[in-house]
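**Student:** One structure, pasted below without further comment.
Read-outs: derived from the displayed coordinates by stated rules, not from any lab. Quantities reported herein were computed from a predicted structural model and do not represent experimental measurements. We place every Cβ from the backbone using ideal geometry, glycine too, and count neighbours over all the protein chains shown.
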């Protein structure tokens, strides 16, 4: 009888230990799950019932008090007409392909299609940005980065203008903040200076295609104008078919700024004067060039204070 009682006590004690271990494991999993739920970014969906729609649908999602910083706004396919201001740290992400933001702007109704305000850290992912028109009082046609930190990935910025007649800059994108362009296309934009992009602060490009942009009629930097005091880093990217009409730097104009280019190509760009591919102004620090292919540009590949 004593042996039987000891055996029972041992089994009870063993079961108690197992139960305690199980409860501890459940508590730990619940804690981890709660932390994961708190850490997981929230999402808001925007749909276009019948294209074209208004960008006000997206703007309302950004402006909603329930949209906390860090939220991803998932946008359904369609064309959304009108301008958009990102004044909160959010991600605008296409649900599928075929999401277009069309500013429908002009000289009589100017404005950037997308403006990213200072103090925000935002991302544009998978969108097409078109129809913007900047002017001398508000630069930037497609995207105006007004002191924000913005990442543009898997996107297309095309068919935008920053009034060439007034010498405005940044047809596709004007940047005065921290801009990162990843796996995106900047094409067929035009401006007085910086037909594709104008950088006045910090620009990082990787996997970008800058194609068929135009600066002029008396401007520099058909693809990119790297402005005074700015810093641009370009990696694994291509500048093709860009033009500086009446100026220099068909692909890139580097004006008293810092420029590094690696593993990239500048091909078939042109300028009216020198530096069909790359123009570096006198007094500007020499750019860092490594493993690049700068060929086939008109009237020459490099000009100004830099020879390639």
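**Student:** For the peptides 121-133, 293-305, what is the packing order when you average, over each peptide's residues, the other Cβ atoms within 10 Å and list the highest mean first?
**Tutor:** In descending order of packing, they fall as 121-133, 293-305.
**Student:** Identify which of 216, 207, 140 has the largest mean-square fluctuation in a Gaussian network model of the chain, with springs joining Cα atoms closer than 10 Å.
**Tutor:** 207
**Student:** For residue 290 and residue 258, what does the FRET efficiency come to when R0 = 22 Å and r is the distance between their Cβ atoms, rounded to the nearest 0.05?
**Tutor:** Once the sixth-power term is evaluated, E becomes 0.90.
**Student:** Taking the highest mean first, how do the peptides 159-166, 273-280 order by number of other beta carbon atoms within 10 angstrom per residue?
**Tutor:** Averaged packing, sorted descending, gives the order 273-280, 159-166.
**Student:** Just to be sure I understand, if you calculate volume of the Cα convex hull per residue in Å³ for this structure, which of (1) 134; (2) 341; (3) 176 do you get?
**Tutor:** Answer label, from the structure shown: (3).
**Student:** Let me ask something else about it. In degrees from 0 to 90, rounded to the nearest 10, what is the angle of the helix 2-39 Cα long axis to the longest principal axis of the chain?
**Tutor:** With both axes taken from Cα atoms, the answer is about 20 degrees.
**Student:** Using only DSSP helix segments of four residues or longer, with each worth -39500 (n - 2.57), what per-residue ellipticity at 222 nm results for the chain after dividing by its residue count and rounding to 500?
**Tutor:** -5000 deg cm²/dmol
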